[in-house]
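Laboratory data are not the source of any read-out in this text; all were calculated from the coordinates shown. Computed from a predicted structure; not experimentally measured. Note: ideal-geometry Cβ built from the backbone for every residue, glycine included; neighbour counts use all protein chains shown.
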Ligand SMILES: Nc1ncnc2c1ncn2[C@@H]1O[C@H](COP(=O)(O)OP(=O)(O)OP(=O)(O)O)[C@@H](O)[C@H]1O
Ligand SMILES: [Mg+2]
């Protein structure tokens, strides 16, 4: 099964649309609740990152028999030092993002914790691509 | 602790479907930072927060949090209430500060995450 979503940067009301949909679908498929929670938390963090840090993004989700593959690709400033961005507490979030209750620098480490495979690629000034795989 | 007891202790207005009034919370977490809420993996959690926007409800939905107390007299918008109802999340609005609300709940036996 394939699901696609697009996200606009800066629009916080949109963050969560993909994760909410995926949660429903995985529930219907009877996936283990603990597993669903990990997938949904990781996807939500990634969605919020596009809204908070990028201009716009595309989400492509592929649900297979034994796993879910999610690719979040955005146009935005990119991440100059991915290893640094992965550290807990590192954040360049704006004041506006902090006022929304985000921007603690916990998102990427939390994505790492909640996925089986994580790959982040970025071209500074252009784009960021986050690929996540979770096995059921 | 029953959700109805929480609302009584905190003089909170409860906004949720009637059948939810009876469910239990065991652990409390006070934070305005949704980033931190998303790192928890605790069941039966009550979120005590002054961060009152749609993202708070979304965060609760993703983190499987079914009860939220908004402190400092923050009011949930109709959009927030609709989203909460859709996902079976109970909202309470308390006039107390986060410190007072947390203290009262701790005294009454609600446990901390750590
Ligand atoms: N899609 C992205 N585009 C550009 N930069 C990003 C993107 N995702 C993350 N970053 C950079 O990596 C940093 C760390 O991201 P992370 O998700 O860990 O924290 P945060 O989003 O700042 O705060 P939190 O996730 O706790 O709300 C961000 O502050 C930002 O500088
Ligand atoms: Mg983030």
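Before moving on, here are some points about what is shown:
- As a size descriptor, the averaged projected area of the C-alpha convex hull of the protein assembly as shown was calculated at 12.7 nm².
- Shape summary of region B:15-58, radius of gyration then Dmax from alpha carbon positions: 11.4, 30 Å.
- Helix A:33-53 axis, angle to chain A major axis (alpha carbon atoms, nearest 10°): 30 degrees
- Nearest 10 degrees, 0 to 90: helix A:17-28 Cα axis against chain A principal axis: 20 degrees
- Considering only chain B, percent of DSSP beta bridges that pair antiparallel, nearest 5: 20 percent
- The ranking of A:97, A:123 by Cβ neighbour count inside 10 Å, starting from the fewest, reads A:123, A:97.
- Test item: B:52-59 mean partner chain Cβ contacts at 10 Å: 5
- Of every Cα-Cα pair in chain B, the percent that sits beyond 24 Å: 11 percent
- Per-residue ellipticity at 222 nm from helix content only, as computed over chain B with -39500 (n - 2.57) for each DSSP H run of at least four residues, stands at -9000 deg cm²/dmol.
- For region B:1-80 versus region A:1-72, the spacing of their alpha-carbon centroids is 23 Å.
- Put in order of Cβ neighbour count within 10 Å, fewest first, the listed residues B:75, B:85 become B:75, B:85.
- Seen from a random direction on average, the alpha-carbon convex hull of region A:1-75 projects onto 4.3 square nanometres.
- When the inverse distances between all different Cα atoms of region A:2-135 are averaged and flipped, the Kirkwood radius reads 14.8 angstrom.
- Taking other C-beta atoms within 10 Å as the exposure proxy, A:44, B:29, B:114, A:135 rank B:114, A:135, B:29, A:44 from fewest upward.
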